[in-house]
Amino acid sequence: MDQAPRQARVVVIGAGIQGNSMAYHLAKLGWKDIVLLDKGPLPNPGGSTGHASNFLFPVDHSKEMTKFTQDSILQYKELGVFTESGGIEVARTPERVEELKRRLASATSWGEPAELLTPSQVKELIPFINQDIVLGGFYSPGVGVVDSLRAGTLMREEGERLGALTVLANTEVTGIGVKNGRIGSVETSRGRIDTEVIVVACGVWSPRIARMAGASIPLTPAVHQMIDVGPVPILAGTVGEIGYPIIRDVDTNMYERQHGSEFEVGSYAHRPILVDPDKIPSMEEAALSPTELPFTREDFDPQMEQALELFPEILGDERVGIKYAINGLLSLTPDGMPLLGESPQVRGLWSVAAVWVKEAPGIGRTMAEWMTDGTPEIDPHASDIARFYGRATTRPTGSSTRPSNGSPIATSGSVPSTPGRRSSARCSSRPPAGSGPTGTSRTPGSSTSTATGSCPARLSGTGDGGPPSSTPSTWPCGSGSA
């Protein structure tokens, strides 16, 4: 379509997993004249959904977040894009063992199957883990992985089948019209759309879009580091994408999971690396995508040592090399919860932001119910954007700096002191995603970066096609040094 429709009942901005979920559920509830647009191409427009790890741990100490995730898993299963693998949170310390007992209590309270494991039981499920540093585990059989890009495609197709949805890819929002405190129109690169309702579901770009309407969505784009290594001989015989439970090593704020013959390691333990929404590169400027920034090896070195302690058979194998490595952007909030609801500042402007792949379809259903009749089945009170009103209307001053990769970042008092981590309830349950994903851009056995080769020469550059590091480096596979 060359031109945008002149009028719409609702315009959903952002075609990642959350925007797709919103359009899908609004259409299922009978809404018509829905426009879903994104400035990027489809099916992967370049947001967090294109690079997230795509695993879902259902148990959270928050009932609200657990319900969102349980509903999301159900929807992913209905779409045929969910693979159940099970997942284990391991304990390295006695304090973590006690926390896992509390986690089991939450699972029981929210009706989610789970059990505590001994170190030997962890080893039975994951034979290549180093049992010597594991004191116990929390096993959740309902954990699994999802193809979030495929899910989004199916959701868009259903909206179109219902005759309710118009999809506009490669369409940028250039302005938002507000009259008497209410949404009136959206200006796009394909023309103006008159509408009284806008849903902002564009992840790390949400604050920028909200400002066009004179409103605030108080999230901070922040870096989450992740690497894929492979091919891994131990995993060579696996049928499908995943055959072993996903590991969450919460004592080190890391996770590890299988991708076919490859093995992913993700970390939230590095220094805070924050990016101003206005400084995120465009599709044309980005080496991979706007939310896949050049990997900074020096930030990951300590976490690589900790991952090597837990999985020496994989990460200590000299035949295993880096296939993919990024500083991936995701959305963080001061309390670790999403930003949902109609803006207190502008009527008709709805925020569905700081949402990850794990809970996106469940939140999509909840928001569609909220927008339709005001009474969603799942109570989203802890995620209501209005909780930040007042503080969110000002932009704190802070220092700006540039990390070693040359990407701009901003630091300010508007984010937590440890923005690389979620709050205690969220950091132990929410994977990297945001509107977030792996999907078609990272299939098992494929490589999307230039950091390939044998392990002794790992990361002689940046690992994602960006500018090389100024200091050559290696990660010898047979040692714990980085």
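None of the figures in this text is laboratory data; all of them are computed from the coordinates on show. Everything numeric in this text was worked out from a predicted model, so none of it was measured. Quick reminder, even Gly has a Cβ in these numbers, built from the backbone with ideal geometry, and neighbours come from all protein chains shown.
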### Query
Taking H as built 1.01 Å from N, whose amide H comes closer than 5 Å to the amide H of G184, not counting residues under 5 places away?
G177, V178, K179
### Query
Considering amide H positions built from the backbone, and no H for Pro or chain starts, which residues 5 or more places from H259, or on another chain, come under 5 Å of its amide H?
E264
### Query
By the gyration tensor of its Cα atoms, with a ≥ b ≥ c the square roots of the eigenvalues, what is the shape of the stretch 72-195: rounded for a/c under 1.5, prolate for a/b over b/c, or oblate?
prolate
### Query
For K101, which lysines qualify as cross-link partners when the Cα separation must be under 25 Å and same-chain residues fewer than eight apart are set aside?
K63, K67, K123, K358
#### Entry: All-pairs alpha carbon distance profile, the stretch 32-97, 10 Å steps from 0, percent
15, 30, 36, 14, 4, 1
### Summary
For K77, the aspartates and glutamates lying under 18 Å Cα to Cα, once residues fewer than eight places off in the same chain are dropped, come out as E112, D147, E157, E158, E241, E359
### Task
Kindly provide the GluC sites (Glu not before Pro) of the stretch 333-393 that DSSP labels as loop, not H, G, I, E or B, and whose Cβ sees at most 14 other Cβ atoms within 10 Å.
E377
